[in-house]
Amino acid sequence: MAALGAPVRTLRALLRELRNAAGRSYRDSPAYRHVLTVFRAHRVTSEKLCRAQQELHFQAATYLCLLRSVREHEALHREYHGRGERSPQEVAGLVGFRLPQQPGGKG
């Protein structure tokens with residue numbers, strides 16, 4: 001995994017992924033409330049230094065990676081999942097080729 005950025009950035013990206021997964025009512029979801037509660041509980045204040053902050057940040061970044069990967073996997077699955085028999089023109093278009101034109105206007 002790449003170097004961890006700022007915790008606020010990770011939190012925003014995590015909430016964005018939750019919004020993508022849950023839809024418009026993502027703020028009512030238990031996951032949203034839990035993420036905010038845990039991030040607020042582990043923030044660094046002037047009174048104490050939280051030892052588990054890096055651990056929390058790493059777990060949040062890992063969960064963010066999971067949510068992104070699942071979303072991207074579903075998008076790829078929708079795009080390339082087999083839908084039965086396809087025509088040769090469709091298959092050629094999927095891989096970026098064009099079929100040659102037949103002489104006499106038959107293709």
Checklist outcome for this item: A careful count of residues in region 67-107 that are out of contact with any helix residue (DSSP H, G or I) (no Cβ under 9 Å at 6 or more places or on another chain) and of a type in the set (A, V, I, L, M, F, W, C) gives 5
Next on the checklist: Residues that are of a type in the set (Lys, Arg) and at pLDDT below 85: does region 69-82 have at least one?
Outcome noted: no
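Kindly indicate which of 13, 21 is modelled with pLDDT of 80 or more, open to solvent by 50 Å² or more (accessible area, probe 1.4 Å), in a helix (DSSP H, G or I) and of a type in the set (Gly, Ala, Ser).
After applying the criteria, what remains is 21.
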Item to check | Filter result (more than 8 Å from the chain's Cα centre (by Cα) and either loosely packed, with under 11 Cβ neighbours inside 10 Å or not in a helix (DSSP H, G or I) (or both)) within region 63-82 | outcome: 73, 75, 76, 77, 78, 79, 80, 81, 82
Item to check | Considering residues of region 33-45 that are open to solvent by 30 Å² or more (accessible area, probe 1.4 Å) and touching a helix residue (DSSP H, G or I) at 6+ places or on another chain (Cβ under 7 Å) only, the residue modelled with the lowest pLDDT | outcome: 44
Checklist entry - Hey, does region 46-61 have a residue that's open to solvent by less than 80 Å² (accessible area, probe 1.4 Å), within 16 Å of the chain's Cα centre (by Cα) and at pLDDT 80 or above? => result yes
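The values are calculated or read from the model by the stated rules, or taken from the named source; none is laboratory data. Note that the structure is a prediction, hence the values are computed from the model and not measured. Please note: Cβ atoms are built from the backbone with ideal geometry, for glycine as well, and neighbour counts cover all protein chains shown. Each accessible area value is taken on the protein alone, full model and side chains, heavy atoms only, with ligands, DNA and RNA left out. Shrake-Rupley method; radii C 1.70, N 1.55, O 1.52, S 1.80 Å.
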